[in-house]
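*Asks:* Right, I'll just put the structure down here and ask away after.
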Amino acid sequence: MSVAEASTTAFAFEVAPAIAVLPLASFVIALFAGKYFPKKGALAGVTATGGSLLLSLWVMLTVAGGAYYNEEIYTLVSTPESFDLHFGVLLDPLSALMLVIVSLVSFLVHVFSLGYMNDEGERGLPRYYAGLGLFSFSMLAFVFADNLFMSFVFFELVGLCSWLLIGHWYREDAPPSAAKKAFLVTRFGDYFFLIGVVAVFATFGTATFAGSESFPVLAEEALTDGGAGGELSTFGLGAQTWFTVLGFLILGGVIGKSAQFPLHTWLPDAMEGPTPVSALIHAATMVAAGVYLVARMYGFYALSPTALAVIAFVGGFTALFAASMAVVKRDVKQVLAYSTISQYGYMMLGLGAGGYVAAVFHLMTHAFFKALLFLGAGAVIIAMHHRQDMWEMGGLREKLPVTYYTFLAGSLALAGIVPFAGFWSKDEVLYEALVHGLTDPLLLVAYLMGLIAVFFTGFYTFRMVLLTFHGEPRTHTARNPHLPGWNVKFPLVVLGILATVIGLTNMTPVAEATGLEIEFLHTWLEHGIEGLNSEHYGELLETVAGYSAAELSPLLAAALSLALALGGAGLAYSLYSGDRPDRHTDRLGDARTLLMNNYYQDEYQVWIAETFGTGVARLSDRFDQSIVDGAVNGVSSVSLFSGGRIRRIQTGIVSNYATLLTLGLVALLLVVGLTGGWFL
């Protein structure tokens, strides 16, 4: 590397924190001065996220050249023999890729908001754009965090921002309730995450992700050097068992943020927020944070076969469970919400099945096609004068051609139809689950659940397309839609192109069959910091987790998945392409009622909270009042009693004070005389 190249690389890494700082600046501008600017702070957000995107692309190109960066930027606490709390920047292939994804989606959401949030009478626009800026800052800082403590801080800040944005229309009844639900449900998982962070510090004395002294490396050394844990504090448990416990604790936060069963119930309600916020939450920020954290810590999770198996099973079950509920929904955003839950289930399935690259690949493709679908739904909602019920739509294909064709591209990607992006990434996830599942029954069950979900995905996706765009208009609003402007169409076109072609960067089935080098993402992620790369993960999975891959052509697995997706799409076409499409959903009878009520999950969770939560709260209150307050009040009562008695002698009469002084002096002389002054 020449001196000029080295200087450019160093400068790129030095300015990397600005990727997150720019949206933070837009947050400050929009919040305190947005009402004085045109578009109420929107232009500051567009400029800031556009700058973050350019810097992210620069960093990505720098990392592609083989240069990585890991540096502390601020130290809060540092003790040589204990631990350190610091903020640091970690730029490697994984974080560089994710920075581009987050900044691009955030930029397009800001642009789209110019068209979506411009209704006359819309109040709180500076607050809205300030929330978007803070949200983008939080996620970008979370992505390049180099330690678990910093990740937790921004993990929580992402949750706070989602609460603010979901409840943006707080004057209505539903949004504040949905925001509160999102905050409380995800916080339940975050309690486990917090305990996990503390336990990691207590065990390893560090929480850094990369380097020879990082906790994944220390954990691997503890296992490969005999498995006893060495000098590590495992609190009486074997190293393998304790590391599994740590993995489960952190997984609690992941399940909450990434809306995996059973902490997924907040996500459908979050649709009460503005649609651009939904796109940002589902595609690139809050829900993506949990999956990204597991990928970031994969060197640690690869040490625990039990943790991996649980991740895979939860992911496979969630993929199927959520997909089954999407098949009956009438609200277009509700369909996409359950789709998001299902697709993140696929990512968890891939991670648990040993498909690190496959899961990251699906995280990337999903970010683009799900952002496209939500923004496309937003364009439809604008056209329908903010109506979201698909029964009221129909016939919008000719009136909204740009929206239709881009939305169709996203739908084909979601359903996994070749050659769109979702086909390549979802099928790679399923392939990894299958080849490892053939040697592990639990993984095989998880694979089968994910495979069945493919059929449901094809069905509900094309049911949504047909009800929204095809057939005859079913209402006056559908016959006379409001036409969107350029600020709505531009993000759709960009994301439509990405949803169509981005999957071609990692065509594993074709690469395996032809031998062509078209596995860019595998090559990209094979390199990491200090040996923590995808090849190393594969070795860990074989040596520690006991995973072994069966010999199977990816073409066969891809063909099976594609056939199921087409079958689901064909069934949707046969049922929902004619008149009165609602009658087919009604035929489901009690099953429809069960699915429309989401298996009554909200009801049983409320029952659990009221039954057990109220009891725990009462016990805590009794403990607080009788023990904590009792101790404090007891100490204070002694002081009050003593003060009350002493206060009685403070009469203000000089003769009384002289008498007390004399008596005190006589008493002191008597004591000295009787004891001989031994204490003097």
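The values are calculated or read from the model by the stated rules, or taken from the named source; none is laboratory data. All values reported here derive from a predicted model rather than from experimental measurement. When we count neighbours, we look across all protein chains shown, and the Cβ atoms used for this are built from the backbone with ideal geometry, even at glycine. Remember, those area values only see protein heavy atoms, side chains included, never the ligands or the DNA or RNA. Shrake-Rupley method; radii C 1.70, N 1.55, O 1.52, S 1.80 Å.
*Asks:* For segment 401-435, which positions are surrounded by fewer than 24 Cβ atoms within 10 Å (Cβ to Cβ), assigned to a loop (DSSP other than H, G, I, E, B) and of a type in the set (A, V, I, L, M, F, W, C)?
*Replies:* Scanning segment 401-435 gives I417, V418.
*Asks:* Let me ask something additional. Identify all residues within segment 251-284 that are among the hydroxyl-bearing types (S, T, Y), surrounded by 24 or more Cβ atoms within 10 Å (Cβ to Cβ) and closer than 18 Å to A323 by Cα; write none if there are none.
*Replies:* Residues of segment 251-284 that are among the hydroxyl-bearing types (S, T, Y), as a first pass: 258, 265, 275, 278.
Adding the requirement that they be surrounded by 24 or more Cβ atoms within 10 Å (Cβ to Cβ) leaves 258, 275, 278.
Across segment 251-284, the qualifying residue is only S258.
*Asks:* Moving to a separate point now. Taking segment 127-160 on its own, how many of its residues are under 18 Å from G34 (Cα atoms) and surrounded by 24 or more Cβ atoms within 10 Å (Cβ to Cβ)? Let's see the steps before the verdict.
*Replies:* Quick first cut of segment 127-160, residues under 18 Å from G34 (Cα atoms) only: 127-137.
Now narrow it down to the ones that are surrounded by 24 or more Cβ atoms within 10 Å (Cβ to Cβ): 128-133, 135-137.
Residues in segment 127-160 being under 18 Å from G34 (Cα atoms) and surrounded by 24 or more Cβ atoms within 10 Å (Cβ to Cβ): 9 in total.
*Asks:* Looking only at residues in segment 564-614 that are of a type in the set (F, W, Y) and under 26 Å from the mean Cα position of the chain (by Cα), which one is modelled with the lowest pLDDT? Give the steps one after another, and end with the answer.
*Replies:* Step one: filter segment 564-614 for residues of a type in the set (F, W, Y), giving 573, 576, 599-600, 604, 607, 612.
Next, only the ones that are under 26 Å from the mean Cα position of the chain (by Cα) stay: 599-600, 604.
On the way: Y599: 89, Y600: 90, Y604: 85.
Here the residue is Y604.
*Asks:* Collect the residues in segment 361-392 that are within 26 Å of the chain's Cα centre (by Cα) and among the aromatic types (F, W, Y), keeping them in residue-number order.
*Replies:* F361, F368, F369, F374
*Asks:* Just one of the numbered conditions (1) surrounded by 20 or more Cβ atoms within 10 Å (Cβ to Cβ); (2) touching a Leu at 6+ places or on another chain (Cβ under 9 Å) is not true of L232; which one?
*Replies:* (1)
*Asks:* Follow-up question, since we're still on this one. Taking the conditions exactly as written (closer than 18 Å to Y344 by Cβ and surrounded by fewer than 24 Cβ atoms within 10 Å (Cβ to Cβ)), does I452 satisfy them or not? Talk me through it step by step, then tell me what you get.
*Replies:* Details: closer than 18 Å to Y344 by Cβ: yes; surrounded by fewer than 24 Cβ atoms within 10 Å (Cβ to Cβ): yes.
Yes: the conditions hold for I452.
*Asks:* Please specify each residue of segment 67-97 satisfying the condition of being in a loop (DSSP other than H, G, I, E, B) and either touching a Cys at 6+ places or on another chain (Cβ under 9 Å) or not hydroxyl-bearing (S, T, Y) (or both).
*Replies:* Matches in segment 67-97: A67, P80, E81, F83, D92.
*Asks:* List the number of the failed condition for L444; all other conditions in (1) in contact (Cβ under 8 Å) with a residue 12 or more places away in the chain; (2) among the aliphatic types (A, V, I, L, M); (3) open to solvent by 10 Å² or more (accessible area, probe 1.4 Å) hold.
*Replies:* Only one criterion is unmet by L444, namely (1).
*Asks:* Answer with yes or no whether V314 is open to solvent by 10 Å² or more (accessible area, probe 1.4 Å) and either hydrophobic (A, V, I, L, M, F, W, C) or within 14 Å of the chain's Cα centre (by Cα) (or both).
*Replies:* Judged against the criteria, V314 is a match.
*Asks:* Just need a number here: residues in segment 543-559 that are modelled with pLDDT of 80 or more and either surrounded by 16 or more Cβ atoms within 10 Å (Cβ to Cβ) or within 29 Å of the chain's Cα centre (by Cα) (or both).
*Replies:* 4
*Asks:* Here is a list: A12, A18, A42, A30. Which entry is of a type in the set (G, A, S) and touching a Ser or Thr at 6+ places or on another chain (Cβ under 6 Å)?
*Replies:* The match here is A12.
*Asks:* Based on this model, can you work out whether V666 counts as part of a helix (DSSP H, G or I), open to solvent by less than 80 Å² (accessible area, probe 1.4 Å) and of a type in the set (A, V, I, L, M, F, W, C)?
*Replies:* On the way: part of a helix (DSSP H, G or I): yes; open to solvent by less than 80 Å² (accessible area, probe 1.4 Å): yes; of a type in the set (A, V, I, L, M, F, W, C): yes.
Yes, satisfied.
*Asks:* Restricting the search to segment 13-52, which residues are outside any helix (DSSP H, G or I) and closer than 26 Å to V63 by Cα?
*Replies:* V15, A16, P17
*Asks:* What pairs come out if I take residues in segment 82-104 that are more than 20 Å from S214 (Cβ to Cβ) and pair them with residues that are small (G, A, S) and modelled with pLDDT under 95 whose C-beta lies under 7 Å away, six or more apart or interchain?
*Replies:* Listed by first residue and then by second, the contacts come to I101/A284; V102/A284.
Listed here are the residues, each with its yes/no results for (1) surrounded by fewer than 21 Cβ atoms within 10 Å (Cβ to Cβ); (2) in contact with a Lys or Arg (Cβ under 8 Å, 6 or more places away or on another chain).
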site: R187; (1), (2): yes, no
site: T203; (1), (2): no, no
site: F209; (1), (2): no, yes
site: V217; (1), (2): no, no
site: L237; (1), (2): yes, no
site: F243; (1), (2): no, no
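*Asks:* So, in segment 317-342, exactly how many residues are open to solvent by 10 Å² or more (accessible area, probe 1.4 Å), at pLDDT below 95 and among the aliphatic types (A, V, I, L, M)?
*Replies:* Qualifying residue count, segment 317-342: 1.
*Asks:* May I ask you to say which residue of G395, G354, G376 is assigned to a helix (DSSP H, G or I), of a type outside the set (A, V, I, L, M, F, W, C) and in contact (Cβ under 8 Å) with a residue 12 or more places away in the chain? Can you show your working first?
*Replies:* On the way: G395 fails: assigned to a helix (DSSP H, G or I); G354 fails: assigned to a helix (DSSP H, G or I).
G376 is the lone residue from the list that is assigned to a helix (DSSP H, G or I), of a type outside the set (A, V, I, L, M, F, W, C) and in contact (Cβ under 8 Å) with a residue 12 or more places away in the chain.
*Asks:* Determine whether V63 is touching a residue at least 60 places away in the same chain (Cβ under 8 Å) and not small (G, A, S).
*Replies:* Considered against the rule, which asks whether it is touching a residue at least 60 places away in the same chain (Cβ under 8 Å) and not small (G, A, S), V63 comes out as no.
*Asks:* A follow-up question, please. Give segment 24-54 a look and list any residue that's crowded, with 23+ Cβ neighbours inside 10 Å, within 23 Å of the chain's Cα centre (by Cα) and farther than 14 Å from M117 by Cβ, or say none.
*Replies:* Listed by number, the residues that qualify are S26, F27, A48, T49, S52.
*Asks:* Tell me which helices (runs of 4 or more DSSP H) are completely within segment 578-640 and hold 1 or more residues being in contact (Cβ under 8 Å) with a residue 60 or more places away in the chain, or say none if there are none. Spell out the reasoning first.
*Replies:* Values: elements: 582-586, 590-596, 601-608, 614-623.
It comes to 582-586, 590-596, 601-608.
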